[in-house]
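Working notes, beginning with the structure itself.
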Amino acid sequence: MRLRANPINRTPLNRDTVAHQVQFFPPEERRDATNRHVENKILLAIPENEFLSIRPQLEPVELESHQILHEAHEPLQYAYFPNDGLLSLVVVFADGKTVEAGIIGNEGLVGIPATAGLSRSPLREVVQITGEGLRIPAAALRELLATAPQLRHELEQFSVVLGLQVAQTAGCNRLHDVEQRLARWLLMAEDRVSSEFLPITHDFLATMLGTDRPSVSLAAGVLQKAGVIEYSRGSVKILNRAELERTACECYGVIRRYSIEQ
């Protein structure tokens, strides 16, 4: 018995069908309302019809180092899609002490609680390394998610990956020594800013790692003496990434694995 192939459907696609096909564009082909290139990976992962829906609501912003985008326990007004730079989620305690819970680059969004309908967050959101991005009012983003299934999927997936990073970081801060944590942080930062040069001070690193400046200076000194990093006033340059990975604890590998798989 001969099998007959199904005939090819040559019915032309109508405009509605084309508009709902998932389309992906490289960074150089997707721009914001001011004609600047969009580098945020979530905004590049959604189909064109969803991007065109969100585009008018996106406001370009400069992200200056140490700028607080959201203070802990205050109302969430905006969500931020970084194009570059590095942002930090920080736990702030009643006595003023702080420790970093997670970091975000152009792979994600700052203001995730707002997408779940929360009006406040216990985390401070602060810029670690200067960059630029796009912000959107939290209420407008929630409204858009009702008609943007791929954007909603991307944000849900990122929120899970971020949660895994926060959990691993909590364990790391509790169980691993400062040198291991510093190595892990430098690797994570380089992954997100795509540069071996990181403009960051020991004071800020101490705050992020939940320790004191002398401990960070000592750990950085050990890495510098070994030729792994070069530290000058206000910046760190990674000289030997392979050795830095060997110095870091297992947490870097775990976080990187699940970040890549998102």
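Details
- Any hit, the range 148-164, residues being out of contact with any Phe, Trp or Tyr (no Cβ under 8 Å at 6 or more places or on another chain), in contact (Cβ under 8 Å) with a residue 60 or more places away in the chain, over 17 Å from His66 (Cα atoms) and not in a helix (DSSP H, G or I): yes
- With respect to the conditions (1) at pLDDT 90 or above; (2) part of a loop (DSSP other than H, G, I, E, B); (3) surrounded by 14 or more Cβ atoms within 10 Å (Cβ to Cβ), Val236 lacks only one, and its number is (2).
- Selection count where residues are open to solvent by 70 Å² or more (accessible area, probe 1.4 Å) and of a type in the set (Val, Ile, Thr), scope the range 41-79: 1
- Filtering the range 199-215 for residues that are in contact (Cβ under 8 Å) with a residue 24 or more places away in the chain, over 27 Å from Glu64 (Cα atoms) and not β-branched (Val, Ile, Thr) leaves an empty set.
- Yes/no for Thr207 being crowded, with 18+ Cβ neighbours inside 10 Å and in a helix (DSSP H, G or I): yes
- Residue within the range 182-202 that is in contact with a Cys (Cβ under 8 Å, 6 or more places away or on another chain), modelled with pLDDT of 95 or more and under 15 Å from Leu244 (Cα atoms) present: yes
- Taken as a whole, the range 220-229 holds no residue that is open to solvent by 10 Å² or more (accessible area, probe 1.4 Å), touching a residue at least 12 places away in the same chain (Cβ under 8 Å), within 17 Å of Ala101 (Cα to Cα) and outside any helix (DSSP H, G or I).
- Total residues in the range 239-255 satisfying the condition of being touching a helix residue (DSSP H, G or I) at 6+ places or on another chain (Cβ under 7 Å) and either in a helix (DSSP H, G or I) or open to solvent by 20 Å² or more (accessible area, probe 1.4 Å) (or both): the figure is 7.
Residue-by-condition table, conditions (1) open to solvent by 10 Å² or more (accessible area, probe 1.4 Å); (2) out of contact with any strand residue (DSSP E or B) (no Cβ under 6 Å at 6 or more places or on another chain); (3) at pLDDT below 95; (4) within 24 Å of Asp203 (Cβ to Cβ):
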residue: Leu87; (1), (2), (3), (4): no, no, no, yes
residue: Gly96; (1), (2), (3), (4): yes, yes, yes, yes
residue: Ala116; (1), (2), (3), (4): yes, yes, yes, no
residue: Leu134; (1), (2), (3), (4): no, no, no, no
residue: Gln150; (1), (2), (3), (4): yes, yes, no, no
residue: His153; (1), (2), (3), (4): yes, yes, no, no
residue: Val161; (1), (2), (3), (4): yes, yes, no, no
residue: Val166; (1), (2), (3), (4): yes, no, no, yes
residue: Gln180; (1), (2), (3), (4): yes, yes, no, yes
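- Against the criterion of being touching a Leu at 6+ places or on another chain (Cβ under 6 Å), under 27 Å from Ile229 (Cα atoms) and either assigned to a strand (DSSP E or B) or free of Cβ contacts under 8 Å to residues at least 12 places away in the same chain (or both), Ala183 does not qualify.
- Taking the criterion of being without any contact (Cβ under 8 Å) to a residue 60 or more places away in the chain and open to solvent by 10 Å² or more (accessible area, probe 1.4 Å), the residues of the range 98-114 that qualify are Ile112, Pro113.
The values are calculated or read from the model by the stated rules, or taken from the named source; none is laboratory data. Since the structure is predicted, the reported quantities are computational estimates derived from the model, not experimental observations. Counting neighbours? That spans all protein chains shown, and the Cβs are built from the backbone with ideal geometry, glycine included. Only protein heavy atoms, including side chains, enter the accessible area calculation; ligands, DNA and RNA are left aside. Shrake-Rupley method; radii C 1.70, N 1.55, O 1.52, S 1.80 Å.
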